[in-house]
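Everything on this sheet refers to the single structure shown next.
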Amino acid sequence: MKTAWMIPAAVAAGLTALANPVGAQKPGGILKMQHMDTPPSASIHEEATISVVVPFMGLYNNLVVFDQNVPRNSFDSIVPDLATKWQWSEDGKELVFIVRQGVKWHDGKPFTARDVQCTFEMLLSGDKIRRNPRGAWYSNVEKVAATSDTEVAFYLKERQPALLALLASGHTPIYPCHVPSADMRRKPVGTGPYKLAEFKMNESIKVVRNPDYWKKGRPYLDGIEYTIIPDRSTRMLSFASGKFDMTFPTDLTVPLWKNMKKDAPHATCVMRDTGVSTNLIVNRDMPPFDDPRIRRALALSLDRKAFIDILSEGEASLGGAMLPPPSGVWGMPPDMVKTIVGYENVPANREKARELMKEAGYGPDKRLKVRVSTRNIPTFRDPATILIDHLKHVYVDGELEVIDTSVYYNRVFKKDYSVALNLTGTAVDDPDVGFFEGYACGSLRNYNGYCNPEMTKLFEAQSRELDQKKRLKMVWEIDRKLQEDIARPIILHGRAAGCWQPYVKGVVLHTNSIYNGARFEDVWLDR
């Protein structure tokens, strides 16, 4: 037996109509947006960076999606996309979707429920895709089957109420059965409001309006041009001078945001929590970092307050694996965070770290030399420089290695590094993403190979829990254990801003994740 069908399409239409009054928008025009670096590919399912989601989310649709006009992602903001309605079985182990009819892929072929099955067969098998960064999201999904052209069912091993939120993320587009996954990297085919027109490495990405988009009247824009400008100072100056309509949505740090308010007071700039943590990853399979004493010493060298003060003028947040409150629902309260080993009393922590290093055979006369790898963009490079300074306090001399985005993720996926300063984005503020993706045994995005089967059992237990208050306490305890186990030391949770010119309308930047609000089908130009 199943529960009643949920969220009819009329509800989503009503939400969109309220956010976009009829007749207020002007169709046409090209939005000129900045991009900070070249995305590794256009295949969202194979990549792990916002550099891919922002320019390419508009090519695709999901079964369901977080309402693009509601700033905060939550279960209440999930609306139909390719699905029109859905229902859970009473035992919570089966989720059935009814999909839209009359939807076409960019190449004119019809979309059916079979495409949904193909997408998840690709993600569940792992061997039909070059890499699968979010494969751990679906470890509880036994199979996905299209029962007809208009109905598809997800069969779960155990109940998992959060699954719907995972399906609503910008990281969960539906791919076509008839296009090989390799082609989706450079010649993607979607059902979304935009079609790819051009993808030039180190130059630009251009998308154009899909005239056959199933959502009539969308998008308003004729297209979007993303110009790749590696130098951030150049990006800021060119936006302030009016050469661009919009910055990259996550490009401005707190200091840059304050400067932009002076340099371009007419612009709209929105600062918000990103759902991205700055963290230390250590290759625990590589000597001498297979010694837990050294890994703990590196973690104890960190002065988190110094990072926060230098990088964000005190506005970033201290926390564990989950996004801290108030933006985050599941993050530990501040009083609990302060009790975690290594988060307070930096002098004492560093003294303990020096003792551990001496036990491991290092000291003032035998310092450990390491290469600190990071991605070659300022949000990675700047904290990496601070990290190297902190490591000096515990007999570790670091040399910075910067790696282009197109190579960086291949390196960390393959564990081809020793110590790295990394930024990890959590696409959905839910433990089923934060824990399974970042810390479960075998997950591709568990970059440093942390594996504790007992912790994985705790991840699974919280996922099945229906009592949200009980689940919250379980999540807090799991998060505390991860930090005290030095699974992947979290340094801070970041904030970032995006800016746009006053004639750009309909932009809504999501406030608790940067990965779910780049459809841009409601953006228009008032000029």
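The values are calculated or read from the model by the stated rules, or taken from the named source; none is laboratory data. Only a predicted model underlies this, so the values are computations on that prediction, with no experimental measurement involved. Quick reminder, even Gly has a Cβ in these numbers, built from the backbone with ideal geometry, and neighbours come from all protein chains shown.
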request  = Specify the residue that is nearest to P287 (Cα to Cα); the eligible residues are those in the stretch 363-380 that are without any contact (Cβ under 8 Å) to a residue 60 or more places away in the chain, touching a strand residue (DSSP E or B) at 6+ places or on another chain (Cβ under 6 Å) and outside any strand (DSSP E or B).
outcome  = R367
query = Taking into account only those residues within the stretch 263-285 that are of a type in the set (D, E, K, R) and under 18 Å from N512 (Cα atoms), which is nearest to the chain's Cα centre (by Cα)?
reply = D273
ask   = So H171 fits all but one of (1) touching a strand residue (DSSP E or B) at 6+ places or on another chain (Cβ under 6 Å); (2) surrounded by 21 or more Cβ atoms within 10 Å (Cβ to Cβ); what number is the exception?
value = (1)
key: Complete set of residues in the stretch 483-507 that are assigned to a loop (DSSP other than H, G, I, E, B) and of a type outside the set (G, A, S)   = D485, I486, R488, P489, Q501, P502, Y503, V507
request  = Identify, from the list D430, D382, the residue that is surrounded by 19 or more Cβ atoms within 10 Å (Cβ to Cβ), within 22 Å of T250 (Cα to Cα), touching a helix residue (DSSP H, G or I) at 6+ places or on another chain (Cβ under 7 Å) and modelled with pLDDT of 95 or more.
outcome  = D430
ask   = Taking G28 and the conditions (1) more than 26 Å from the chain's Cα centre (by Cα); (2) at pLDDT below 95, which numbered condition does it fall short on, given that it satisfies the others?
value = (2)
Candidate set from the stretch 71-104 (those that are in a strand (DSSP E or B) and of a type in the set (V, I, T)); member that is surrounded by the most Cβ atoms within 10 Å (Cβ to Cβ) = V99
note = Being modelled with pLDDT under 60 and either in a loop (DSSP other than H, G, I, E, B) or among the β-branched types (V, I, T) (or both) narrows T16, T38 down to just T16
ask   = Can you find a residue in the stretch 508-519 that is surrounded by fewer than 22 Cβ atoms within 10 Å (Cβ to Cβ), closer than 21 Å to Y343 by Cα and not hydrophobic (A, V, I, L, M, F, W, C)?
value = no
ask   = Yes or no: R445 under 25 Å from P40 (Cα atoms), assigned to a loop (DSSP other than H, G, I, E, B) and basic (K, R)?
value = yes
ask   = Does T274 count as under 21 Å from A420 (Cβ atoms), of a type in the set (S, T, Y) and touching a residue at least 24 places away in the same chain (Cβ under 8 Å)?
value = yes
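This table checks each residue for (1) surrounded by fewer than 23 Cβ atoms within 10 Å (Cβ to Cβ); (2) charged (D, E, K, R); (3) modelled with pLDDT of 95 or more.
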| position | (1), (2), (3) |
| --- | --- |
| A267 | yes, no, yes |
| V270 | yes, no, yes |
| N283 | yes, no, yes |
| A297 | no, no, yes |
| E315 | yes, yes, yes |
| G328 | yes, no, yes |
| G331 | no, no, yes |
inquiry  = Could you go through the stretch 444-461 and let me know if any residue there is among the small types (G, A, S), buried (at least 18 other Cβ atoms within 10 Å of the Cβ), touching a residue at least 12 places away in the same chain (Cβ under 8 Å) and farther than 24 Å from T38 by Cα.
reply    = no
message = Taking the conditions exactly as written (among the β-branched types (V, I, T) and under 17 Å from the mean Cα position of the chain (by Cα)), does V65 satisfy them or not?
response = yes
message = Condition first: farther than 18 Å from M286 by Cβ and either modelled with pLDDT under 95 or touching an Asp or Glu at 6+ places or on another chain (Cβ under 8 Å) (or both). Now tell me which residues in the stretch 407-424 satisfy that.
response = V407, Y409
message = Within the stretch 235-262, take every residue that is loosely packed, with under 15 Cβ neighbours inside 10 Å, within 20 Å of S312 (Cβ to Cβ) and of a type outside the set (K, R) and give me the one that is nearest to the chain's Cα centre (by Cα).
response = P255
inquiry  = Exactly one of these conditions fails for E359: (1) without any contact (Cβ under 8 Å) to a residue 60 or more places away in the chain; (2) surrounded by fewer than 17 Cβ atoms within 10 Å (Cβ to Cβ); (3) out of contact with any Ser or Thr (no Cβ under 8 Å at 6 or more places or on another chain). Give me its number.
reply    = (1)
